[in-house]
Amino acid sequence: MSFQTAVLGVTGIYLAVTVVISFAVRRSSKDAEGFTTGGKTFPAILIGLLMASEFIGTSASMGTAQGAYEYGISAAWNLVALGIGFVLFSFFLAHKYKSLGQNTISGVLKHGYGERVRLATSIIMIVALGTVAVAVFAGGSAVFTSLLDVDRTTATVVTAGLAVLYVAVGGMRSVVYTNVVHALVMLTGIVLAAVLPLRRVGGLAELRAQLPDQFFDVTGVGLGQIVAWMIAGAGATFATQYIIQAIASVGDEKKAKWSSVYSSLMLIPYGICAAIAGMCARVLFPEIDSLQALPELVVNMHALTAGIVISGLVAALLGTISAITLAISTLLLKDFYRPFLNRDEDPRKDVVFIRVATVVVGIVPMILALYASDVLAVTFLGKALRSALAVLVLLMFYAPRFGSRNGALVSIVGALIATVGWFLAGNPFGVDNAYVAIAVPLVVMTVAEIGSRMRRGGDSVADGPRSEASFGGGGGSVEAERESSAPRATS
């Protein structure tokens with residue numbers, strides 16, 4: 001049996017298992033609500049594994065290994081920052097999201113800033129998640145290009161087809177259960193991708209001897225980059241549609257907190273293993289393109305272990321793409337299709353739309369992925385865009401009277417334009433686009449607050465943290481507090 005046949009056999013068995021799971025739980029996706037929520041509550045550990053696997057796409061796996069091939073162990077911060085972000089999320093936001101009872105980020109911010117902000121939030125989230133999908137497809141196609149010796153276009157189309165197929169069948173419940181399988185396979189695969197090449201190199205001591213000292217500097221990529229990763233990582237966890245969708249599926253606020261902790265326990269070791277794999281590739285294959293660091297390790301393994309590692313990378317791809325397609329489709333359904341095209345909320349129309357949307361949402365990023373090369377940078381842009389929303393979420397929960405509704409709207413539109421523009425310009429002056437993403441809403445909301453205070457003639461309004469009761473369903477909403485407080489500025 002050839003290497004390729006054996007690897008494809010192992011990967012095929014794994015894919016068959018996920019498809020069987022999708023069809024087995026299909027009964028929960030017969031209507032749009034069941035498709036987007038799963039139709040039940042889930043244990044915290046399942047949701048924790050779900051959220052972690054949603055973030056570890058092929059772009060994160062391939063991108064971290066690519067970064068480690070170029071800079072060393074410090075590339076692990078790309079995923080370690082996400083783990084830290086989940087710890088912070090568990091303390092500051094998980095319980096608040098759960099208490100609101102919303103399962104979309106646009107619904108959360110509408111609660112505080114009104115209808116126009118809901119639509120703007122939905123648009124920026126769709127752009128952000130679509131950007132991540134592009135990077136995931138690009139990373140996945142790189143794996144299949146090396147493994148199957150096919151051109152990039154064919155590999156990208158195959159990757160997209162596999163990812164979209166089972167999501168359209170099973171919906172949220174399918175994503176929860178299959179992503180538990182994905183998480184276990186991903187962890188097994190990345191550990192093998194780090195341990196086996198490390199043994200081939202001769203162990204950690206030999207790896208250190210064959211690489212420059214800066215490869216073992218935990219700040220090797222630069223403190224500015226690490227801080228930017230931390231900002232983007234926190235932003236991505238604080239304000240991402242599929243995280244809110246997942247949190248809505250646990251039983252209570254305590255479980256919401258614990259699910260976030262479980263996510264961090266998976267993300268941190270995964271990032272370290274991916275970085276070690278990239279460093280081993282630098283020693284073993286010093287002349288290759290850095291994007292091929294992980295694929296090159298795989299094609300030089302034993303067929304069985306290579307099949308497990310490839311299955312882990314496929315799991316990473318499916319886990320992220322399933323979350324992204326479901327998240328974007330849910331936003332399109334609730335924020336655009338129902339309000340404008342299905343106002344009577346005909347359930348038959350809803351379910352047809354949500355299934356078609358999952359397919360379309362998979363195809364568009366696939367086309368754009370053909371032109372993406374630096375998957376880590378593209379992934380990071382998607383995280384940075386969500387950081388702008390994270391600023392507004394934190395203000396809404398902890399300083400609900402700060403700024404204005406119009407300020408929130410301008411913040412979202414301005415952050416989208418400025419962050420993408422800064423990225424396309426190559427991050428001028430060495431300032432990462434993540435800093436731009438958080439600076440825009442902070443500046444705009446501060447200006448709106450100053451203008452509001454000037455219009456009130458200096459009559460200050462207390463901006464202390466909002467009471468827990470206000471967000472627990474029994475104490476009124478942010479909207480109610482805004483209506484009852486002193487008039488807000490409208491510009």
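The values are calculated or read from the model by the stated rules, or taken from the named source; none is laboratory data. A quick note: this is a predicted structure, and the numbers were derived from the prediction, not measured. Every residue, glycine as well, gets a Cβ built from its backbone with ideal geometry; the counts of neighbours run over all protein chains shown.
Worth pointing out:
- Selected residue (only one of LEU392, LEU368, LEU385, LEU409 is out of contact with any Pro (no Cβ under 7 Å at 6 or more places or on another chain), crowded, with 24+ Cβ neighbours inside 10 Å and either part of a helix (DSSP H, G or I) or among the hydroxyl-bearing types (Ser, Thr, Tyr) (or both)): LEU385
- Counted as qualifying within the range 274-357 are the helices (runs of 4 or more DSSP H) with 3 or more residues that are in contact (Cβ under 8 Å) with a residue 12 or more places away in the chain and not small (Gly, Ala, Ser), namely 293-299, 303-332.
- Selection from the range 366-380 of residues that are among the aliphatic types (A, V, I, L, M), under 17 Å from the mean Cα position of the chain (by Cα) and at pLDDT below 70: VAL375, LEU376, ALA377
- The range 230-242 residues that are within 19 Å of ILE268 (Cα to Cα), paired with ones that are of a type in the set (Ser, Thr, Tyr) and assigned to a helix (DSSP H, G or I) (beta carbon under 6 Å, 6 or more apart): ILE231/SER387; ALA232/SER387; GLY235/SER387
- Taken as a whole, the range 443-456 holds no residue that is closer than 19 Å to PHE92 by Cα and modelled with pLDDT of 70 or more.
- Residues that are farther than 29 Å from ALA327 by Cα, of a type in the set (A, V, I, L, M) and part of a helix (DSSP H, G or I) are absent from the range 261-270 altogether.
- Checking GLY382 against (1) in contact with a Gly (Cβ under 9 Å, 6 or more places away or on another chain); (2) at positive phi, the condition it does not meet: (2)
- Reported count of residues in the range 341-360, each being under 20 Å from the mean Cα position of the chain (by Cα) and either on the phi > 0 side of the Ramachandran plot or modelled with pLDDT under 85 (or both), is 2.
- The range 198-239, residues that are at pLDDT 90 or above, assigned to a helix (DSSP H, G or I) and either of a type in the set (Val, Ile, Thr) or over 19 Å from SER74 (Cα atoms) (or both): ARG199, ARG200, VAL201
- Candidates are the residues of the range 55-102 that are part of a loop (DSSP other than H, G, I, E, B) and within 16 Å of the chain's Cα centre (by Cα); the one that is surrounded by the most Cβ atoms within 10 Å (Cβ to Cβ) is GLY57.
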